[in-house]
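The values are calculated or read from the model by the stated rules, or taken from the named source; none is laboratory data. This is a predicted model, so every value here is computed, not measured. Neighbour counts are summed over all protein chains in view; Cβ atoms, including those assigned to glycine, are modelled from backbone coordinates with ideal geometry. Areas reflect the complete protein model, heavy atoms only, side chains present, ligands, DNA and RNA absent. Shrake-Rupley method; radii C 1.70, N 1.55, O 1.52, S 1.80 Å.
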Amino acid sequence: MVRYAAKDMVLLMKKPENHEPKWYKLDNAAKIYPVVVSAKDSYVFRITANMKDEVRPDILQQAVNDCRDRFPAFYVKLRRGLFWYYYEANEKEPLVKPEPAYVCRRIDLRKNNGFYFTHFYYKKRISIEIFHGICDGAGALEFFKTTVYRYLELLGLPVLPENLILTLDQKPEPAEAEDSYNKYYSGEERRKRIITKAYKPCHKGFLHGGAGLIVGKASSEKLHSIAREKGVTVTQYLTALLSYCYFKLGEKEKLGTLPVKITIPVNMRRYCPSTTLRNFSLFFHTSVLYTSEMTFESILEVTKKQFISELTDKKLRDTLNSNVVIEKNIAVRFLPLFIKKIILKTGYKYIGTRSSTATVTNLGNIELPNSMMPYVIDFELNSAAGKRSNPNLSLVSYNDITTLSFSRGILYTGYEKLFFSFLAKQGLKIEVQSNLWEDYS
Amino acid sequence: MNYCPECDVRISTGSDRCPLCHGEITREKDGGTTETYPRYEPMTRKRYKIILAVSAAAVFLILATVLINILTWKGRAWSAISSGYILYLWIFGLLTFNTRIHTGLKLVAHAAAITALLINTNALSGKYETLTKVSWAVSWGMPIIFFCFITAVSVIMLTRKRGRREYVFFQFSLCIFGLIPFIMVMFGMAKPVLPSIITAASSVLTIIAVTIFQRKVVTSEFKRKFHI
């Protein structure tokens, strides 16, 4: 039985003030995703919270339902305009489902009431899988934290927001649904795009598709100290290590001509103040070309320099300008959607996917209220793996546990083995788990 | 928890082998491993098989009719008519049942496709000199089709409580198409006039009624559809 406090009853009885369903233009980054999404590339990511106790699906369903008015920009369906897609409020019920074996598959809208996110439960795990067209990792995390908070609240547990949770009694701010790319677009200097092909090793893919997961958990403090010893950040260290793995196990002839390029998403909220829950991230590539004298230290040095040179306020704003200016172009704006789709799809197929070897996503350190921490053990972030996609790394830290999650579309697990063994040699104690996807192919 | 001496990592997944190197693992005394992720269950690809079967049948039928037409050639390409219908049933069958395109858009597409089929039938079944005057398809077929579809969308809009607004744009599109037979009759491309006038009048009246009674909805829906 779901227990309600008096304030919850008021919240549930409150009717929406305006019956006209809200609509949202897609933000600058989101515009590409509905066009390029396919069965091979889902553009879905997953955030998981491992809870202390077994998850109760009925309560989770109630928690997800209750979050609707607080996060209107998430409870939407995609509609087609003449020139652009747009989101419109979806009045159906979002479904909570048992976690499937397939990770970050393309969302089947027919089976999901048209929503672009799904909450899953499995034993003690609560997960959300969400389409990148709705939000980025930071936005999804806020939504997920509130859902988990509400879930614990409905369980009758003594949790308090402690200014770390967007609670349901707060009204959603318009700024939470804004397109911050457009807000910070100055139209001044732009960055020239030089798109070069990246090294991509070829391995046998899974017979039935899907993503292979290998997740390592380690102490955040220890990982930080290992990175600090080298005078770099954790992201720089792990990016260099992933590049090193690709060099060590790659085909040397190809590596001599094509650089290993790692895509690094950047949370723009750190550079341009914004409270938006929608997409507001950019990315850059680190690029290292193979030489026979190459060592991990030399890769780390190059990677560090590239991070420092790329992560400047000016460069990021210039990149933002160059992204938004395309959308602002009058010819592009008036191009019918079906023509835009053909151009974007073709462009993305030939340019977008070839310019990166792998991706390293760091969601950062998750802060939860002290009152919630006894009920949440750790978090996990998984990215989608396209067909025959090489391992991509996603990491998230919480309560001194850093979860390093690899998702891949290939049978080969050599990169992960080298990666974790290398970290173990540095004195890091790692606990590994896997969905053993290779056993099924 | 288990341990892999090769990779120097502890393993919490319930498996006999290390998920990294696939080598032997050392079982530790506390031995607590769990099934961390749900078990793989093969996906049923029933829908995919149906699509494949329908497509194969359609292609076979089209090829068969074209072949029979060629082998029994009597100066008339009747297979173009039958192929048109098979193509319609194939493509629009899949479009209707296998896509999540909005029902309104599906109805507009069906109306346009059925019109094209009728014109194709009319043009190819008559004498060749009547090609420029696709008479019954335009004077009877088109008005009846658009009248039916406009009525269907109106009924959907009147009976639905939710999502009514989503049909406004498609209703307007059908109404504009509904004026085409009247325009063609005006230019002397077909006779009689009455069905075209009825459809044109119902189109105009529908547009007026929707605009008057659902003015806010129409404005906001058009704002959304045409936003740049």
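Specify the residue that is nearest to B:I86 (Cα to Cα); the eligible residues are those in the range B:60-70 that are open to solvent by 50 Å² or more (accessible area, probe 1.4 Å) and in contact (Cβ under 8 Å) with a residue 12 or more places away in the chain. Filtering first and then ranking leaves B:L61. Quick check, is A:T235 away from chain B (no Cβ under 14 Å) and surrounded by fewer than 24 Cβ atoms within 10 Å (Cβ to Cβ)? It is true that A:T235 is away from chain B (no Cβ under 14 Å) and surrounded by fewer than 24 Cβ atoms within 10 Å (Cβ to Cβ). The lone criterion from (1) under 30 Å from A:Y440 (Cβ atoms); (2) surrounded by 15 or more Cβ atoms within 10 Å (Cβ to Cβ); (3) in the same structural domain as A:L423 (by TED's automatic domain parsing); (4) not polar (S, T, N, Q) left unmet by A:Y199 is number (3). Residues that are more than 28 Å from the chain's Cα centre (by Cα) and away from every other protein chain (no Cβ under 14 Å) within the range B:34-76 comprise B:L67, B:I68, B:N69, B:I70, B:L71, B:T72, B:W73, B:K74, B:G75, B:R76, listed in sequence order.
When residues of the range B:70-99 are filtered for being hydroxyl-bearing (S, T, Y), in a helix (DSSP H, G or I) and at pLDDT below 90, how many remain?
Of the residues in that region, 1 qualify.
Taking the criterion of being open to solvent by 60 Å² or more (accessible area, probe 1.4 Å) and either within 16 Å of A:Y246 (Cβ to Cβ) or in contact with a Lys or Arg (Cβ under 8 Å, 6 or more places away or on another chain) (or both), the only residue of the range A:298-322 that qualifies is A:K315. On inspection, A:P369 does not qualify as open to solvent by 20 Å² or more (accessible area, probe 1.4 Å), assigned by TED's automatic domain parsing to the domain that holds A:T233 and not in a strand (DSSP E or B). For the range A:382-441, filtering for residues that are more than 8 Å from chain B (Cβ to nearest Cβ), part of a loop (DSSP other than H, G, I, E, B) and at negative phi leaves 13. The set of residues from the range A:88-140 being farther than 27 Å from B:S220 by Cβ, surrounded by fewer than 19 Cβ atoms within 10 Å (Cβ to Cβ), more than 11 Å from chain B (Cβ to nearest Cβ) and not basic (K, R) comprises just one member, A:L95.
For B:A112, the criteria (1) touching a Lys or Arg at 6+ places or on another chain (Cβ under 6 Å); (2) among the hydrophobic types (A, V, I, L, M, F, W, C); (3) touching a residue at least 60 places away in the same chain (Cβ under 8 Å) hold in every case but one, which is (1). The listed residues are A:V55, A:V64, and the only one of them that is touching a residue at least 12 places away in the same chain (Cβ under 8 Å) and either more than 14 Å from every other protein chain (Cβ to nearest Cβ) or in contact with a Cys (Cβ under 8 Å, 6 or more places away or on another chain) (or both) turns out to be A:V64. Determine whether the range A:350-361 contains at least one residue that is open to solvent by 60 Å² or more (accessible area, probe 1.4 Å) and either of a type in the set (V, I, T) or part of a helix (DSSP H, G or I) (or both). Yes, because at least one residue in the range A:350-361 is open to solvent by 60 Å² or more (accessible area, probe 1.4 Å) and either of a type in the set (V, I, T) or part of a helix (DSSP H, G or I) (or both).
Regarding the range B:182-193, can at least one residue be identified that is touching a helix residue (DSSP H, G or I) at 6+ places or on another chain (Cβ under 7 Å) and under 18 Å from B:V108 (Cα atoms)? Checking the range B:182-193: not a single residue is touching a helix residue (DSSP H, G or I) at 6+ places or on another chain (Cβ under 7 Å) and under 18 Å from B:V108 (Cα atoms). Residues that are on the phi > 0 side of the Ramachandran plot and at pLDDT below 90: does the range B:37-50 have at least one? No - not one qualifying residue is present in the range B:37-50. When B:V217, B:V155, B:V168 are checked against the criterion of being open to solvent by 20 Å² or more (accessible area, probe 1.4 Å) and within 17 Å of B:L107 (Cα to Cα), B:V155 stands alone in meeting it.
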